[in-house]
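Encoded as structure tokens, the structure appears first; notes follow it.
The values are calculated or read from the model by the stated rules, or taken from the named source; none is laboratory data. Bear in mind that the values here come from a model prediction, so they are computed numbers and not experimental data. Every residue, glycine among them, receives a Cβ derived from its backbone with ideal geometry; neighbour counts consider all protein chains shown.
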Amino acid sequence: MDLQAEVQTFLGLDAVIASAAMHELMAHIKRVAQTQACVLITGESGSGKEIVARAIHHYSLRATKPWVDVNCGALPEHLIESELFGYEKGAFSGADSDKPGLFELAHTGTLFLDEIGDLDPKMQVKLLRVLDRVPYYRLGGRKKVTVDARVLAATNQDLPALIREGRFRSDLYHRISQVKISIPPLRQHLDDIPALADFFLEQQNPEMRLTGEALRKLLGHAWPGNVRELRNVLIGSSITALGNRIRESDLMLEPAGPMEASSGMVNLEALERETILRVMRQTGNHQERAAELLGISARTLSRKLKTYASGRANENCVA
């Protein structure tokens with residue numbers, strides 16, 4: 001059966017659905033949306049986790065109710081509690097008025113906790129209690145607050161590995177993963193690339209087209225940055241290409257390493273490391289700007305850079 005490419009918009013974000021894998025994923029999302037279960041959305045950076053979360057809300061029984069989203073990795077640790085649970089006037093210096101937390105703002109609707117793997121362990125305990133419908137106090141509050149918010153969470157991290165390392169609570173993991181949705185990386189559904197390319201180019205320059213050689217080059221790329229990387233490559237290439245055709249030579253792709261070229265195997269950790277370090281160089285080692293371009297939190301980027309630095313130190317050690 002031939003499947004037609006579709007473009008759907010969920011709370012302002014567009015989703016291109018062309019391949020059988022993506023049509024099947026969307027059908028699963030629609031079924032999950034009709035429940036009240038907490039959903040854990042996993043997938044590599046740039047694969048579309050936020051779009052999936054918005055689609056769940058769009059198709060849910062809470063679609064007309066509030067949608068609230070927060071990036072757990074982007075908030076400083078000292079602000080996470082006040083942002084999630086709110087505070088009362090006078091709770092701390094600068095608290096000049098009452099402020100409801102994000103849970104209250106999402107009452108009867110949906111709260112999306114992105115990058116939940118970056119959540120501080122102390123906050124994980126408080127989050128678990130709220131998910132169990134235990135009333136809580138705002139910071140400095142004297143009256144307990146009870147909320148009804150469906151929670152969706154997303155991460156590009158291996159939460160079971162974090163549990164083994166003592167960095168994520170197993171009880172919280174089981175609470176937020178009543179249903180798990182895993183988004184496949186772009187390299188596993190390459191047949192979506194033509195439709196995605198047409199969509200991105202139409203947004204950037206409706207007259208721009210890919211040559212056959214350029215399209216074949218895109219289909220042969222590993223895409224460590226997934227759909228986000230594809231979009232950025234096409235936007236950049238459409239700006240620098242001469243005329244209204246993007247040729248293979250116009251594509252701004254990182255070349256494959258020698259091991260990839262010879263074996264066809266993709267070392268994802270190495271590709272991620274190369275991409276992060278390249279963006280750091282391009283931004284003059286400005287971590288916040290680099291994190292924004294990479295689509296990850298500054299805290300996640302800082303952790304990865306520390307890992308890379310530790311690896312170099314270990315390589316330089318002489319027994």
Problem set entry | Flag for T108 being at positive phi and polar (S, T, N, Q) | yes
Exercise. Only one of these conditions is not met by G141: (1) in the same structural domain as I116 (by TED's automatic domain parsing); (2) part of a helix (DSSP H, G or I); (3) in contact (Cβ under 8 Å) with a residue 24 or more places away in the chain. Which number is it?
Worked result: (2)
For this session: Out of the residues in the stretch 198-224 that are touching a strand residue (DSSP E or B) at 6+ places or on another chain (Cβ under 8 Å) and under 25 Å from E292 (Cβ atoms), state the one that is surrounded by the fewest Cβ atoms within 10 Å (Cβ to Cβ).
Result: F199
Exercise. Given the conditions (1) among the hydroxyl-bearing types (S, T, Y); (2) crowded, with 18+ Cβ neighbours inside 10 Å; (3) not assigned by TED's automatic domain parsing to the domain that holds L113, which single one is not true for Y173?
Worked result: (3)
Exercise. Could we say that A74 is buried (at least 16 other Cβ atoms within 10 Å of the Cβ) and either touching a Pro at 6+ places or on another chain (Cβ under 9 Å) or within 25 Å of A161 (Cα to Cα) (or both) here?
Worked result: yes
Exercise. Here are some residues: V227, V233. Which one is surrounded by 17 or more Cβ atoms within 10 Å (Cβ to Cβ) and without any contact (Cβ under 8 Å) to a residue 24 or more places away in the chain?
Worked result: V233
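Where in the stretch 153-211 are there helices (runs of 4 or more DSSP H), lying wholly inside it, with at least 1 residues that are in contact with a Lys or Arg (Cβ under 8 Å, 6 or more places away or on another chain) and at pLDDT 95 or above?
Values: elements: 159-164, 170-176, 193-204.
In the stretch 153-211, the matching helices (runs of 4 or more DSSP H) lie at 159-164, 193-204.
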Exercise. Can you spot a residue in the stretch 33-41 that is over 17 Å from W67 (Cα atoms) and either surrounded by 13 or more Cβ atoms within 10 Å (Cβ to Cβ) or in contact (Cβ under 8 Å) with a residue 12 or more places away in the chain (or both)?
Worked result: no
Seminar exercise, completed: When the stretch 214-229 is checked residue by residue, the ones that are closer than 14 Å to L186 by Cβ, in contact with a helix residue (DSSP H, G or I) (Cβ under 6 Å, 6 or more places away or on another chain) and assigned to a helix (DSSP H, G or I) are L218, L219, N226, V227
Seminar exercise, completed: Over the stretch 175-197, the set of residues out of contact with any strand residue (DSSP E or B) (no Cβ under 6 Å at 6 or more places or on another chain) and touching a residue at least 40 places away in the same chain (Cβ under 8 Å) is R175, Q178, I183, P184, P185, L186, R187, Q188, H189, D191, D192, P194
